[in-house]
Amino acid sequence: MAFARTCAVALVGVEGVVVEVQADLEPGVAAFSLVGLADKSLSESRDRVRAAVINSGAQWPQKKLTVGLSPAAVPKCGSGFDLAVACSVLAAAERIDPRVIADVMMIGELGLDGRVRPVRGVLPAVLTAVDAGYRQVVVPEQTAAEAALVPDVAGLGGRSLRQLIAVLADEPVPEEPEPDEAGGPFVAPGPGWGLPQSGGLFFPVAGEHPPDLAEVAGQRLARRALEVAAAGRHHLLLKGAPGAGKTMLAERLPGLLPPLTTQEALEVTAVHSVGGSLPPGRPLIDRPPYCAPHHSASMASLVGGGTGLPRPGAMSLAHHGVLFLDEAAEMSGQVLDALRQPLESGQVVVARAAGVVRMPARVLLVLATNPCPCGRHGAPAGDCECLPSTVRRYRARLSGPLLDRVDLRVPVEPVSRAELITGGGGGEPTAVVAERVRAARDRSLARYARTPWRTNAEVPGHELRTRWCPEPGALLRAELDMERGLLTARGLDRVLRVAWTVADLAGHDRPTASDVDAALELRTGLRRGAGVAGSLP
């Protein structure tokens, strides 16, 4: 009997489980059995691996072969196990020393000609390997830069199974043609036979320049709301007629957000790696992502789902970034209400028969909607032809519980001819506003230095009322609004969070009455005292 083992990773959402790939050869009729709760694509690896081994110049063992994937109770899917299966079979057949691959993590798909092809989720798979104590990984060459983002790991970017066999057997490495996809060079064997210790090296890639806020004509209140949303990570509703600039404003919000921290960048990149949306040539996403699904998006595409184990949806792809839902009132009410729990918890929990998947979803939500189906309700011309009942049904598609979780609700008025002709009336560019946002974020980070929170939107309301309370009497108008039914208890907490952000932008040590009035105006649309214009710089 001949036996060998190596390791791979089974991804469940963006979390990984280490899978031991075991190969056993016994005398008997030649057969190939694959056990361990494999899906259809993984079961087909028997044919892919056999063809790849033969076309790589190695001999396929003519014995009874059993490959086991342990733990057997964990569902396994995808073609990323091909490389581990092939190497364990070759080690059991003594083509490779079994001791060499015993503590190596192998991730990659095999073509019938023996080429190593890229797969989704390399970054979270390598992170799982490191957490489990593995320090040597083999990945497809095209994803070598992605794997090199993980510190304290030696990796090998493989181009073909033939080259990998030569490396593992300590033989001369044959030449292979360049892969079709862009990737790093194949690394010849050396100390650690892999990529150099990355030490968390980030590969700088020139990103696209975001659109500038100075291009927006007029919209002073909406611009201020955008600044507050970016400084405190508050959800935002833009309501106005078609062509008023709602989409323009939302597209410029990511440019106001600070760059991602190292940990945030790894989390975002891992989600995009699993979702298969990692931009070519960009192993690391270091800027807040922006995701704007169509208003006909299904629930699975928005919050995550699909056949078998769910995949990340738009909410997870926008993790630590902006999720923009244009024409929100045209979306299914059931789909919109599915956002309510993730907005509170910062993660999506999807339960399926195959298992429960948790995916990160800490987003800054921006909703944009027209006032009515024709978009002319309340316009100065007064030419709206929608019936009152039609307008009520249209607005009811955004449910009260969902809107209660939206901190800022501002009207976007049509731009005047004078503002449009003069180029926006000298509005501030993105760089100037982003600097104020960064300063406000620094103030909140210093305040919450010994807490798990980073922005005002994350802090529980009772903490802001007791531990970091506003000035005496500052909440008087907000409390009166709550008594009159204009605010819920959750709404009062969110007003206080926005007030802290307004105070951070204005440089106040704690919210004043004018800061709370500005927060109330941004939430209810009712002007109080100095209002937004008097409370923000």
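With 0.36 nm allotted per residue and the present C-alpha distance subtracted, the Asp131-Glu15 stretch has 40.6 nm of extension available. For the chain, the antiparallel share of DSSP beta bridges with both residues in that region comes to about 50%. For the range 255-403, the dipole from Cβ point charges (+1 on Lys and Arg, -1 on Asp and Glu) about the Cα centre works out to 280 debye, to the nearest 20. Compared with the dominant principal axis of the Cα atoms in the chain, helix 489-506 is inclined by about 90°.
With θ taken as phi - 60° and the Karplus curve 6.51 cos²θ - 1.76 cosθ + 1.60 applied, the whole-hertz 3J(HN,Hα) list for the range 438-450 is 4, 5, 5, 4, 4, 5, 5, 5, 5, 5, 9, 4, 9 Hz, x standing for glycine and proline.
What does the charge dipole of the chain about its Cα centre add up to, to the nearest 20 debye, if the Cβ of each Lys and Arg holds +1 and the Cβ of each Asp and Glu holds -1? Don't skip to the end; give the middle numbers.
Values: 56 positive and 58 negative charges, 314 e Å.
Roughly 1500 debye for the chain.
Against the chain, whose longest principal axis is taken from its Cα atoms, helix 82-92 shows a tilt of about 30°. Working from label points 7 Å from Cα in the Cα-to-Cβ sense, the Lys64 to Lys40 distance is 3.0 nm. Among 167-175, 269-277, 212-220, the peptide with the highest mean count of other Cβ atoms within 10 Å heads the list, and the full ranking is 269-277, 212-220, 167-175. Taking each residue as 0.36 nm, the span from Asp383 to Ala300 lengthens on full extension beyond its C-alpha to C-alpha distance by 26.0 nm.
Go ahead and estimate [θ] at 222 nm for the chain from helices alone: -39,500 (n - 2.57) per DSSP H run with n ≥ 4, summed, over the residue count, rounded to 500.
Numbers: 23 runs with 190 residues, N = 537.
Computed mean residue ellipticity for the chain: -9500 deg cm²/dmol.
Pairs of Cα atoms nearer than 8 Å and 6+ residues apart set the relative contact order; for the chain it is 12 percent. Available extension along the chain between Trp468 and Ala431 is 10.3 nm, counting 0.36 nm per residue and deducting the alpha carbon span.
Assuming R0 = 51 Å, can you tell me the calculated FRET efficiency for the pair Ala31 and Glu483, based on Cβ-Cβ distance, to the nearest 0.05? Mind dumping the intermediate values first?
Details: r = 77 Å, r/R0 = 1.51.
Once rounded, the FRET efficiency stands at 0.10.
The H on the amide N of Phe32, modeled in the peptide plane, is under 5 Å from the matching H of Leu65, each at least 5 residues off or on a different chain. Couplings 3J(HN,Hα) of the range 297-303, computed from phi: 4, 7, 5, 5, 6, 8, 9 Hz, in residue order, whole Hz [Karplus 6.51 cos²θ - 1.76 cosθ + 1.60, θ = phi - 60°; x for Gly and Pro].
Here Phe3, Phe324 are placed in order of increasing Cβ neighbour count within 10 Å, fewest first, which gives Phe3, Phe324.
Set the Förster distance to 41 Å, then compute FRET efficiency between Arg405 and Leu112 from the Cβ-Cβ distance, nearest 0.05. After rounding, the FRET efficiency stands at 0.20. FRET efficiency for the Gln334 to Glu215 pair, using the beta carbon distance and R₀ = 41 Å, is estimated at 0.70.
Under unit Cβ charges (Lys, Arg +1; Asp, Glu -1), what dipole magnitude, rounded to 20 debye, does the range 2-193 have relative to its Cα centre?
On the way: 16 positive and 24 negative charges, 104 e Å.
Dipole about the Cα centre, nearest 20: 500 debye.
The angle separating the long axis of helix 122-131 from the principal Cα axis of greatest extent in the chain is about 80 degrees.
Provide the percentage of antiparallel DSSP beta bridges, counting only those with both residues in the range 2-193; round to the nearest 5. Of the beta bridges lying entirely in the range 2-193, close to 60 percent run antiparallel.
Of all DSSP beta bridges confined to the range 214-458, the antiparallel ones make up roughly 30%. Modelled spin labels at Val173 and Ala72, positioned 7 Å past Cα toward Cβ, are 3.9 nm from each other.
Please sort by residue number the GluC sites (Glu not before Pro) in the range 384-452 whose DSSP state is loop and whose Cβ has at most 15 other Cβ atoms within 10 Å. Sparse-neighbourhood loop GluC sites (Glu not before Pro): Glu385.
If contacts are Cα pairs under 8 angstrom and at least 6 residues apart, what is the relative contact order of the range 214-458 in percent? Could the numbers behind the result be given before it?
Values: 439 pairs, mean separation 78.2, N = 245.
After rounding, I find 32 percent.
Arranged by the count of other C-beta atoms within 10 angstrom, fewest first, what order do His462, His508, His234 take? If you can, show how the numbers build up before the last one.
Details: His462 10, His508 18, His234 24.
The most exposed by this proxy come first: His462, His508, His234.
Couplings for the range 28-44, taken from phi via the Karplus curve 6.51 cos²θ - 1.76 cosθ + 1.60 with θ = phi - 60°, read x, 5, 4, 7, 10, 10, 10, 10, x, 6, 8, 7, 4, 5, 6, 4, 6 Hz in order; Gly and Pro are left as x.
Which whole-number percentage describes the relative contact order of the range 243-319, with Cα contacts under 8 Å and a sequence gap of 6 or more? Could the numbers behind the result be given before it?
Details: 74 pairs, mean separation 22.6, N = 77.
Rounded, it is 29 percent for the range 243-319.
Read-outs: derived from the displayed coordinates by stated rules, not from any lab. As the structure is a computational prediction, the values presented were derived from the model and not from experiment. Here Cβ is always computed from backbone atoms with ideal geometry, including for glycine, and neighbour counts include all displayed protein chains.
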